[in-house]
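See below for the structure under consideration.
The values are calculated or read from the model by the stated rules, or taken from the named source; none is laboratory data. Nothing here was measured: the structure is a model prediction, and the numbers come from that model. Cβ: placed from backbone, ideal geometry, glycine included. Neighbour counts: every protein chain shown.
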Amino acid sequence: MFKPKYTITDKLLSQIKQVNSLVIKLNQQRFPSVVLMEFEKTAQAVSAFASTSIEGNPLPLTEVKKTLKSKPEHIRDSQKEVLNYNKALVELNKKIGSPQTKLSLKLVLKIHKQVTQDLLPKHQSGQLRQQPIIVNDPRTQKVIFLPPDVKDVEKLVKELTGFVKKNQAKIDPLIIAGIFHKQMVIIHPFMDGNGRTTRLATKLLLAKLGLNTFNLFSFENYYNQNITRYFKFVGEQGDYYDLQKTIDFTAWLEYFTEGIIDELLRIKKLLPKISLSPDTQLKPFHQKILKHIRENNFITDKDYSVLAKRAKATRALDFQKLIKLGLISRKGRGKSTYYVLKEIKK
């Protein structure tokens, strides 16, 4: 049975609280869906660039964006890595929030098959490794870690996904996601594609944070900013069987939550700077509508007439604009009409 060793230090507890505070503040902001869609594409490109770059993909971000946009017919392996990762990410984002989407060995294998399609032999893509593997230092190429034997891989992955399932309602989602991430890297269940698969599966667990703008979230970018530091915290050195009972996840969890904070602060800084067109820009009176709904759960035309001195026909256009932008929904009919914030699908 998998029982990870870690300590809730003052630093870790403080960072978990900061993450929760940032999520609450970000969820209080509302932005037109048509605008967020463009930023979602950018976030996906950054994720695909960062996650493949960590593993040594040489493509710069500009080339990654170009590849994702044009989807060239004749592609190199470096481009295929990016396209595969992006496709898996887009599909995963669609499933996030669905009760049917749960972490399991089956889902992990599906993600691996997506990220390694046409990059690994078919008998290795979407399949747990059937051969021993070693982990080298990317700088010196010297062996630094010996992962578990082939005979133990499936059992260890199942124990890990079982730990996640058992504790999702008991342990903070940040802790769950962080533990999963490091343990998957330690198990190294595939011949290749371990990092990319792990980071995508971790993204699924991080969705439990309940961030409305989760599709703008690209935590992979934090790791790519200092790959040496990432490998230092996420990996281990030595033989798995000598280390398994002494591995401490605490330092990694502090680093992991630090990265989540960095990404949430990036989103917080990004959103107010969104350049809106005249068609999507919100005026002070639009903001009054949204503020009133946040504070009272709904607004009527009568409420709005008190908040802003605007003609009835103009007020109707104001409501219509917010509906069109996907920010509010109309409920009821005639004199019973009222407006609420449109539910955001996570």
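Quick one: is residue 109 at pLDDT 95 or above, under 21 Å from residue 192 (Cα atoms) and not acidic (Asp, Glu)? So residue 109 fits the description; yes.
Checking the conditions here, which among 258, 220 is among the charged types (D, E, K, R) and within 20 Å of residue 112 (Cβ to Cβ)? Exactly one residue qualifies, and that residue is 220. Any residue at all in region 185-194 that is in a helix (DSSP H, G or I) and not hydrophobic (A, V, I, L, M, F, W, C)? Taking every residue of region 185-194 in turn, at least one turns out to be in a helix (DSSP H, G or I) and not hydrophobic (A, V, I, L, M, F, W, C). Take the conditions modelled with pLDDT under 95 and surrounded by 20 or more Cβ atoms within 10 Å (Cβ to Cβ) and apply them to residue 39. Does it pass? So residue 39 fails the test.
Number of residues in region 173-226 that are touching an Asp or Glu at 6+ places or on another chain (Cβ under 7 Å), within 21 Å of residue 265 (Cα to Cα) and either charged (D, E, K, R) or free of Cβ contacts under 8 Å to residues at least 24 places away in the same chain (or both): the value is 1.
Applying the condition of being among the charged types (D, E, K, R) and within 16 Å of residue 263 (Cβ to Cβ) to region 198-244 and asking which residue is nearest to the chain's Cα centre (by Cα) yields 203.
Let's see how each residue does on (1) in the same structural domain as residue 173 (by TED's automatic domain parsing); (2) over 30 Å from residue 188 (Cα atoms); (3) at pLDDT below 90:
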site	(1), (2), (3)
19	yes, no, no
22	yes, yes, no
29	yes, yes, yes
35	yes, yes, yes
47	yes, no, no
54	yes, no, no
63	yes, no, no
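For region 97-136, a residue qualifies if it is within 21 Å of residue 147 (Cβ to Cβ), part of a loop (DSSP other than H, G, I, E, B) and of a type in the set (D, E, K, R), and exactly one does: 129. Being in a helix (DSSP H, G or I) and of a type outside the set (Asp, Glu) is the requirement here; does residue 94 meet it? Judged against the criteria, residue 94 is a match.
Among the residues of region 130-158, those that are surrounded by 13 or more Cβ atoms within 10 Å (Cβ to Cβ), farther than 28 Å from residue 226 by Cβ and of a type outside the set (A, V, I, L, M, F, W, C) comprise 152, 154, 158. Per the listing 150, 164, the residue uniquely modelled with pLDDT of 95 or more and under 22 Å from the mean Cα position of the chain (by Cα) is 164.
Tell me whether region 195-215 contains one or more residues that are surrounded by fewer than 21 Cβ atoms within 10 Å (Cβ to Cβ) and farther than 28 Å from residue 82 by Cβ. Yes, region 195-215 contains a residue that is surrounded by fewer than 21 Cβ atoms within 10 Å (Cβ to Cβ) and farther than 28 Å from residue 82 by Cβ. Which one is surrounded by the fewest Cβ atoms within 10 Å (Cβ to Cβ), of the residues in region 159-172 that are outside any helix (DSSP H, G or I) and free of Cβ contacts under 8 Å to residues at least 60 places away in the same chain? Applying the filter and picking the extreme gives 169. With respect to the stated conditions, residue 114 is surrounded by 18 or more Cβ atoms within 10 Å (Cβ to Cβ), modelled with pLDDT of 95 or more and assigned by TED's automatic domain parsing to the domain that holds residue 204. Just one of the numbered conditions (1) touching a Gly at 6+ places or on another chain (Cβ under 6 Å); (2) within 28 Å of residue 150 (Cβ to Cβ); (3) of a type outside the set (Lys, Arg) is not true of residue 253: (2). Quick check: anything in region 75-84 under 22 Å from residue 185 (Cβ atoms), in contact (Cβ under 8 Å) with a residue 24 or more places away in the chain, surrounded by 13 or more Cβ atoms within 10 Å (Cβ to Cβ) and touching an Asp or Glu at 6+ places or on another chain (Cβ under 7 Å)? Checked region 75-84: no residue is under 22 Å from residue 185 (Cβ atoms), in contact (Cβ under 8 Å) with a residue 24 or more places away in the chain, surrounded by 13 or more Cβ atoms within 10 Å (Cβ to Cβ) and touching an Asp or Glu at 6+ places or on another chain (Cβ under 7 Å). Candidates 21, 14: the one that is under 20 Å from the mean Cα position of the chain (by Cα), of a type in the set (Ser, Thr, Tyr) and either surrounded by fewer than 16 Cβ atoms within 10 Å (Cβ to Cβ) or within 30 Å of residue 293 (Cα to Cα) (or both) is 21.
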